[in-house]
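The values are calculated or read from the model by the stated rules, or taken from the named source; none is laboratory data. Note that the structure is a prediction, hence the values are computed from the model and not measured. For neighbour counting, all protein chains shown are included, and Cβ atoms are generated from backbone atoms with ideal geometry for every residue, glycine included.
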Amino acid sequence: MKARFRKAEQHLKSVDPILGNVIRKQGPCTLMRDPKPHFHTLVWAIINQQLSVKAAQTILERLQQRLATELFQPQHFYRVQERSLRNCGLSGAKIRYIREIARRVRCGELDLEQLDTLDDEQVSDLLMALPGIGRWTADMLLMFSLGRMDVLPVGDLALRKSIRMHYDLPDDADYDRYLELAEKWRPYRTVASWYYWAAVD
C-alpha cells in the first residue's frame, strides 16, 4: 500500500503544482484502509451525516457503551428500544435507516461482503439504494472501508472549502467546477482529497 501512495504522490506532484506544494508540506500520505466490518462503517457514516466530528464522536462512544461493543453488528440493533438509541443522540431518521439496513443484512436481502468484488459505480449504486445512504456516505465507504484510490467526495464541505482556498474559487462554485479541476488527479483522487483535508485540519 505504501508503494501505491508514493506512486500516487509522484503522479499528483507532476500534474498539479499547487497540489504538489501541499504534498511537500504535509509529507507522506498516511491514509489507511479501515479493517472494520462494512456494516460498522455504514453505521459510523450515518452517525456522521450533517454533524461535526466532535458531535459524531460523542454519539458513537455513547452508542458503543450502550450496546457494549466496539464494532457494530446487525444483531445489536435488534429489539433495542428506540428511546435508548435516542438517548445516545441518534435522530429518529438515523435510527430508522440503521435498523432497516440491519434488518436487510439479517434477513439475507443485503450482502455487504460482496462490495469488495464490485467496481466503484456498482458499490455506489448498491449503497445509495439503501435508506439514508447518499453519495457522500457511499464515497466515505469507498475511500475508508474499501480502499478505493480514485474517489472525489465532492459533497464534503471541508474538502470543497480547502479546494476553494487553494485554487481561489468563488464560494458559490458549482460541483462541476470541482470535478473539472480534479480530472487531472485521476486515478488518485482519493489521495488528493486526503491531502486537501489534511491541509485544513
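What the table shows:
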read-out: Filtered residue count, the range 130-141, keeping only those that are in a helix (DSSP H, G or I) and touching a residue at least 40 places away in the same chain (Cβ under 8 Å); value: 4
read-out: Residue within the range 5-22 that is under 26 Å from Leu112 (Cα atoms) and either at pLDDT 95 or above or hydrophobic (A, V, I, L, M, F, W, C) (or both) present; value: no
read-out: Qualifying residues in the range 129-161 (those that are surrounded by fewer than 16 Cβ atoms within 10 Å (Cβ to Cβ) and among the aliphatic types (A, V, I, L, M)) - the one farthest from the chain's Cα centre (by Cα); value: Ala129
read-out: Residue within the range 77-85 that is of a type in the set (S, T, N, Q), out of contact with any Lys or Arg (no Cβ under 8 Å at 6 or more places or on another chain) and modelled with pLDDT of 95 or more present; value: no
read-out: Which listed residue is touching a residue at least 40 places away in the same chain (Cβ under 8 Å), farther than 25 Å from His11 by Cβ and of a type in the set (Ser, Thr, Tyr), from Tyr97, Tyr195, Tyr167; value: Tyr97
read-out: Residue ID - surrounded by the most Cβ atoms within 10 Å (Cβ to Cβ), chosen from residues in the range 71-123 that are among the aromatic types (Phe, Trp, Tyr) and within 21 Å of the chain's Cα centre (by Cα); value: Phe72
read-out: Lone qualifier among Pro170, Pro153 - being modelled with pLDDT of 95 or more, touching a Phe, Trp or Tyr at 6+ places or on another chain (Cβ under 7 Å) and not in a helix (DSSP H, G or I); value: Pro153
read-out: Evaluation of Leu179 against (1) touching a helix residue (DSSP H, G or I) at 6+ places or on another chain (Cβ under 6 Å); (2) closer than 24 Å to Arg4 by Cα (one fails), failing number; value: (1)
read-out: Boolean, Val105 is part of a helix (DSSP H, G or I), within 20 Å of Asp201 (Cβ to Cβ) and not basic (Lys, Arg); value: no
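Here is a yes/no grid of residues against (1) under 26 Å from Ala138 (Cα atoms); (2) without any contact (Cβ under 8 Å) to a residue 40 or more places away in the chain; (3) of a type outside the set (Asp, Glu):
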| position | (1), (2), (3) |
| --- | --- |
| Arg4 | yes, no, yes |
| Leu12 | yes, no, yes |
| Val15 | no, no, yes |
| Pro28 | yes, yes, yes |
| Leu42 | yes, no, yes |
